[in-house]
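Notes follow once the structure below has been shown.
The values are calculated or read from the model by the stated rules, or taken from the named source; none is laboratory data. If you're wondering where the values come from, they're calculated on a predicted model, not measured in any experiment. Here Cβ is always computed from backbone atoms with ideal geometry, including for glycine, and neighbour counts include all displayed protein chains. Areas reflect the complete protein model, heavy atoms only, side chains present, ligands, DNA and RNA absent. Shrake-Rupley method; radii C 1.70, N 1.55, O 1.52, S 1.80 Å.
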Amino acid sequence: MSLKKRLAASAAVIAMAAGVIYGSTLEMSGASAEGGRLSWFGNKETLYFWYTDDSMTSFINSAAVSFGEKEGVRVIPMLTSDSEYLEAVNEASLYSRQIPDVYVISHDALEKAYLAGLAVPVEDEQNICNESYFPPSALAAVSYQGKTVAYPFFYETSALVINMDYLEQWALQQAKRELTGADVDAGEGAQEISQEAVEALDQTVLAQKTQEYLEAGIPQTVDEILSIADTFDVPEGVEGIMKWDVSDIFYNYWIVGNYMIVGGETGDDAGNININNEEAISCLEVYKALNQFFYIESDTVTYDSVIQDFIDGKTVFTIGTTDVAERLEEARAEGSLGFEYGIVPMPDVSGELKSRSLSVTNVVAINGYSQHKELANRFAAYLVDEYANELYERTGKVSANLTVNEDNTDLQAFMEEYAESMPLPKMMETGNFWMQLEILFSKVWNGEDVAALVQQLADQITSQMSAG
């Protein structure tokens, strides 16, 4: 799913699940405004929990029941439209007796929520909002003006996905070339290695040398990917060394993420904006040059198409978000994926220029209008810590909690990338920054002048900040 779909408001209203009692509370109660909370709740303290993603329903309902039994309270999940979601939270807080006490929201909306009184500093009685439980990126995502104003829940970021069978074939080719005296770096122009020369090799030495190349072949920089492209005699059916969705900023941001700063580490510092700098321009020049190697049509490529191409064995490398781990395993189970794959952190742009991926963290916020803030804090902490082990299995979403998914190698690779990622800015004045940057990347990919585009973006953001 693209960043647009993750962050932009949906025009369609998400339908309530007809058979779920929690989401249908208002219709089923028949209570008037004077009736207050449902009479059949008795005297139990009651929380209303809002969320917008139907794939969360099973998890949320189960957590609500479990927490309710543990605490002797009621938690009423409310599946709500994601169209103008925060505005709906505000309206319900002001005019409804069933106030959303606690709710899920994307971290980049926290400034708006906090300034409206819809998010308040967490109490954190369980003492989990620290680096023993969450990486720096997660804590930065829930920080606003030095205060922790939500609990980190689950995240999205990107990582490099590798066809390990192809990489091993490349490593074997390189080992044979080196041991037979052929030119390792000659690529397609290399002299053909005779079968006799290969058969004369010590197989143990060949295996050891192949393993050395395989380990060295996990790309640490973009240059190393290009080196593999130059030296790999690809098998039949491989259409390209690397392909990714160049039309979506989520899969491009790593190129400039370490140098194009908007709001600093926590994305809320209006005085820390640095877009037009030498390093960012150099990174984008590298990105521009990649089009000459990979020939990806930005107007036709999609995330689904590149992942399917990878599954079909048409590419060696791609860039995926956390959903790719589940998708690849499903393809393996169906028999459509017949090779070993690896997921690793994104390579650096070069030996001198570091990369840094974008991340978006969904968080659990406590409504400042709630009359049950202490209970809301306990439920939020329960969701993101004690009950978080259930999250991935039930929803496919990856917990931001470091103590979760520790045995899942693929998800640990994403966690490693997430820990060093740059959270999307929170400042309302820069709410369209990612869209503007996406336009910039598209123009750079298609050959336009990098320096001019970066200057234009810097001027746009400066103007927006001044107007705000």
ask   = In segment 71-108, how many residues are in a helix (DSSP H, G or I), in contact with a Gly (Cβ under 9 Å, 6 or more places away or on another chain) and either under 20 Å from T148 (Cα atoms) or modelled with pLDDT under 95 (or both)?
value = 2
remark   = Counted residues in segment 56-75 being among the aliphatic types (A, V, I, L, M) and open to solvent by 10 Å² or more (accessible area, probe 1.4 Å) come to 2
request  = Scan I249, I255, I275, I261 and give me the residue that is buried (at least 19 other Cβ atoms within 10 Å of the Cβ) and under 21 Å from K397 (Cα atoms).
outcome  = I249
Near pairs, Cβ below 9 angstrom, 6+ apart or cross-chain, from segment 361-377 (buried (at least 20 other Cβ atoms within 10 Å of the Cβ)) to any residue that is of a type in the set (K, R) = N362/K397; I366/K373; N367/K373
ask   = Which is closer than 20 Å to G257 by Cα and open to solvent by 50 Å² or more (accessible area, probe 1.4 Å), of E352, E329?
value = E352
message = Just the residues that are in contact with a helix residue (DSSP H, G or I) (Cβ under 7 Å, 6 or more places away or on another chain) and part of a loop (DSSP other than H, G, I, E, B), please, taken from segment 109-119.
response = A116, L118, A119
query = Is it the case that segment 215-238 has a residue that's touching a residue at least 12 places away in the same chain (Cβ under 8 Å) and within 21 Å of L453 (Cα to Cα)?
reply = no
inquiry  = Can you go through A380, A413 and tell me which one is within 28 Å of P100 (Cα to Cα) and in contact (Cβ under 8 Å) with a residue 12 or more places away in the chain?
reply    = A380
Search result, residues across segment 444-468 that are touching a helix residue (DSSP H, G or I) at 6+ places or on another chain (Cβ under 8 Å) and open to solvent by less than 60 Å² (accessible area, probe 1.4 Å) = V444, W445, G447, V450, A451, L453, V454, L457, I461, Q464, M465
note = Within segment 94-110, the count of residues that are in contact (Cβ under 8 Å) with a residue 24 or more places away in the chain, farther than 19 Å from Y155 by Cβ, open to solvent by 10 Å² or more (accessible area, probe 1.4 Å) and of a type outside the set (V, I, T) comes to 3
query = When you look at D269, is it under 23 Å from the mean Cα position of the chain (by Cα), surrounded by fewer than 19 Cβ atoms within 10 Å (Cβ to Cβ) and farther than 16 Å from R356 by Cα, yes or no?
reply = yes
note = For segment 431-453, the count of residues that are over 18 Å from F250 (Cα atoms) and assigned to a helix (DSSP H, G or I) equals 4
remark   = For segment 125-176, the count of residues that are open to solvent by 10 Å² or more (accessible area, probe 1.4 Å), under 30 Å from V222 (Cα atoms) and part of a strand (DSSP E or B) equals 2
request  = Tally the residues that are out of contact with any Phe, Trp or Tyr (no Cβ under 8 Å at 6 or more places or on another chain) and on the phi > 0 side of the Ramachandran plot, restricting the search to segment 101-123.
outcome  = 0
query = Out of (1) farther than 30 Å from G217 by Cα; (2) touching a Ser or Thr at 6+ places or on another chain (Cβ under 7 Å), the odd one out for N90 is which?
reply = (2)
task = Go through segment 399-408 and give me each residue that's open to solvent by 10 Å² or more (accessible area, probe 1.4 Å), farther than 16 Å from S359 by Cα and either at pLDDT below 95 or not hydroxyl-bearing (S, T, Y) (or both).
result = N405, E406, D407, N408
ask   = Can you tell me which residues in segment 295-318 are among the charged types (D, E, K, R), open to solvent by 70 Å² or more (accessible area, probe 1.4 Å) and under 26 Å from L440 (Cβ atoms)?
value = E297, D299, D304
